[in-house]
Amino acid sequence: MKTLLPPGSDESRELAKRYGYDQWLVDRFLAYVPEVQEFLAKMERIPTQYIRVNTLKTSPEELQKRLGAKGFVLHPTRLAEVLSVSVSPMSVGATTEYLLGQYYVQDLSSCMAVDALDVKENIQVLDIAAAPGGKTTMIAQKMQNTGSIIALEPSAVRARSMSFNLARCGVSNTCILQHSGEEIGKLGLTFDRVLLDAPCSCEGVIAKDMTRKTSHEPADVEFCSNKQESLIAAAAAAVKPGGVLVYSTCSFAPEENEAVVNSLLQKRTDVSIEPIEFGASGLTEFQGIMFAESMNNTRRLYPHLHDTTGFYIAKLRFD
Amino acid sequence: MIESLKFRELTREELTTLNRALDKWGVFEFFKDKAVVIAEGTPKKVCLISADIRHILLKFEPEYAGLVIGELQKGFAPSLQGADVFASKTKSTKYYVTVNENAVQLVLYGRDLMGDSITLASEELDENQLVIILNPRKEAIGVGRTRFAGKSITQKGRITVTTLADAGSYLRDEG
């Protein structure tokens, strides 16, 4: 889908200048991000750090006790296996517990996408664009290493890095295939659950990478949107009847989110959007373009409202 | 491009070698109902897998699969991941040495073990024997090889166990 560019205003010019963004990006934020001033201010602050407990190896209570003894201050979140970190006397990626695979440094938003996948033991799961493996290892722990996970990752470097994470976390039910998502059909397999955390423009992680305030252009959003439309169609073709596809991105752009899901709804009549509890409702309209009413079942996570990285999640059930 | 792995079932001879090793490490019973395959290469790797991915491995030659629990050459040598599984499931103590908290960080930097830092080791251990290195919580932090036998393993002032693999390598190798 072509990137839509709302007209500029004095407000967007002033905000773009104050926070160092390209103006076209702020023009767009004003059209789809609630409470933009608070949002832009939040993006200037260090984001909350989260760790996800690897229940293949320990429990949240036990890990909280161990890291607490080292001076970490951890807090429960909406997900039982995810803890937020308010005080860390050392890097969270350098503790013995981390090296032993007892936890994974992972944002709450990305864990929410796995939570929406509704994984059970002894099922078949496909994880598209899987590296570095945070979501894959979380799926594996929810499955208690039963069933099977096929993780697709086209990049050899990223696949290698992912293999270290799978090993560290003690995952034994997963294999990595060096394929792109569009090649799923060649495998001739179908799955109970498919996770497509699609490559995106990463608007949601600006707080972690400030270069993104000015490093991408409207054409990049369009490029991602087109790629995502072909990926979601391929992913949908791999879901068994009764199965679930979770589509997610770390972008706020409607062209990369609601428009992509809407493109699938227009192609397939056997799919419905299931509600997700946490987050703000997905958009049903953007710049005069209408999306399906059920798009309000999808979820947008905003840093200033939900204390996560910016994220979008849609849970799709197939008849 | 990272190399695809060729997976296959174990031969009868390989299975015998593996079963003997699992018995030695005190995890034969745990592995009785588990699926393992061989990833070809030099050395051959033994991979713990879920039963459901067996047919996928044999059909698609993935870049990586399952959990590599060790290598098979003349005998079986546990990997760090294997050591982790074994330590969490075994009731045996013979081939496991426990170190004090001060030594844990040193092991995670790949350093060898001084006898002073070993708080528990079987007196039945021989020289040149593979051992799994445990922290005080009995979690595997490394794999090593003894330089001495019996009580000499805990002698003061000398390195008595060579560290062959340690959990710190996840950071060093990935970086």
A:THR55 fails exactly one of (1) among the hydroxyl-bearing types (Ser, Thr, Tyr); (2) at the interface with chain B (Cβ under 10 Å from one of its Cβ atoms); (3) touching a helix residue (DSSP H, G or I) at 6+ places or on another chain (Cβ under 6 Å); (4) surrounded by fewer than 21 Cβ atoms within 10 Å (Cβ to Cβ), namely (2)
- Query: Quick check: anything in the stretch B:133-145 within 12 Å of chain A (Cβ to nearest Cβ), charged (D, E, K, R) and touching a residue at least 40 places away in the same chain (Cβ under 8 Å)?
  - Reply: yes
Is it the case that the stretch B:2-13 has a residue that's assigned to a helix (DSSP H, G or I) and either touching a strand residue (DSSP E or B) at 6+ places or on another chain (Cβ under 9 Å) or without any contact (Cβ under 8 Å) to a residue 24 or more places away in the chain (or both)?
yes
Those residues of the stretch B:133-175 that are part of a helix (DSSP H, G or I), in contact with a Leu (Cβ under 8 Å, 6 or more places away or on another chain) and under 22 Å from A:THR96 (Cβ atoms) come to a total of 3
When restricted to B:ARG20, B:ARG8, the only residue more than 14 Å from chain A (Cβ to nearest Cβ) and modelled with pLDDT of 95 or more is B:ARG20
Scanning the stretch B:24-41 for residues that are of a type in the set (Gly, Ala, Ser) and either closer than 22 Å to B:ILE53 by Cα or in contact with a Leu (Cβ under 9 Å, 6 or more places away or on another chain) (or both), the one surrounded by the fewest Cβ atoms within 10 Å (Cβ to Cβ) turns out to be B:GLY41
Considering the stretch A:31-46, residues that are surrounded by 12 or more Cβ atoms within 10 Å (Cβ to Cβ) and among the β-branched types (Val, Ile, Thr), and then whichever is nearest to A:GLU203 (Cα to Cα), we arrive at A:VAL33
Per the filter on the stretch A:176-220, residues within 21 Å of the chain's Cα centre (by Cα), within 14 Å of another protein chain (Cβ to nearest Cβ) and among the basic types (Lys, Arg) are A:ARG193
Restricted to the stretch B:54-89 and to residues being assigned to a loop (DSSP other than H, G, I, E, B) and buried (at least 21 other Cβ atoms within 10 Å of the Cβ), the residue modelled with the lowest pLDDT is B:GLU63
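Output the residue which, of all residues in the stretch A:292-301 that are of a type in the set (A, V, I, L, M, F, W, C) and outside any loop (DSSP other than H, G, I, E, B), is farthest from A:ASP319 (Cα to Cα). Quick ask: steps written out before the conclusion?
Initially, the stretch A:292-301 is screened for residues of a type in the set (A, V, I, L, M, F, W, C), giving A:292, A:295, A:301.
Add one more test, that the residue is outside any loop (DSSP other than H, G, I, E, B), and what stays is A:295, A:301.
Working: A:MET295: 18, A:LEU301: 27 Å.
Taking the candidates together, the pick is A:LEU301.
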Practice item. Might you check whether a residue that is at the interface with chain A (Cβ under 9 Å from one of its Cβ atoms) and of a type outside the set (A, V, I, L, M, F, W, C) occurs anywhere in the stretch B:65-77? Key: yes
Those residues of the stretch A:118-143 which are closer than 16 Å to A:ASP192 by Cα, in a loop (DSSP other than H, G, I, E, B) and touching a helix residue (DSSP H, G or I) at 6+ places or on another chain (Cβ under 7 Å) amount to A:VAL119
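Could you list, in sequence order, all residues of the stretch B:95-120 that are assigned to a loop (DSSP other than H, G, I, E, B) and among the aliphatic types (A, V, I, L, M)? Full working, then the answer.
Looking only at the stretch B:95-120, we keep the residues that are assigned to a loop (DSSP other than H, G, I, E, B), and these are B:95, B:100, B:109-112.
Selection gives nothing.
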Being of a type outside the set (Gly, Ala, Ser), over 26 Å from B:GLY168 (Cα atoms) and away from chain B (no Cβ under 11 Å) narrows A:VAL125, A:VAL114 down to just A:VAL114
Residues in the stretch A:168-191 that are in contact (Cβ under 8 Å) with a residue 60 or more places away in the chain and over 22 Å from A:ALA238 (Cβ atoms) total 3
Note: among A:SER148, A:SER161, A:SER155, just one is of a type outside the set (A, V, I, L, M, F, W, C), in contact with a Cys (Cβ under 8 Å, 6 or more places away or on another chain) and within 11 Å of another protein chain (Cβ to nearest Cβ), namely A:SER148
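Might you let me know whether the stretch B:160-170 holds any residue that is over 12 Å from the mean Cα position of the chain (by Cα), more than 14 Å from every other protein chain (Cβ to nearest Cβ) and free of Cβ contacts under 8 Å to residues at least 60 places away in the same chain?
Scanning the stretch B:160-170 turns up at least one residue that is over 12 Å from the mean Cα position of the chain (by Cα), more than 14 Å from every other protein chain (Cβ to nearest Cβ) and free of Cβ contacts under 8 Å to residues at least 60 places away in the same chain.
The values are calculated or read from the model by the stated rules, or taken from the named source; none is laboratory data. As the structure is a prediction and not an experimental result, all values here were calculated from the model. All Cβ positions, glycine included, derive from the backbone under ideal geometry; neighbour counts span all protein chains shown.
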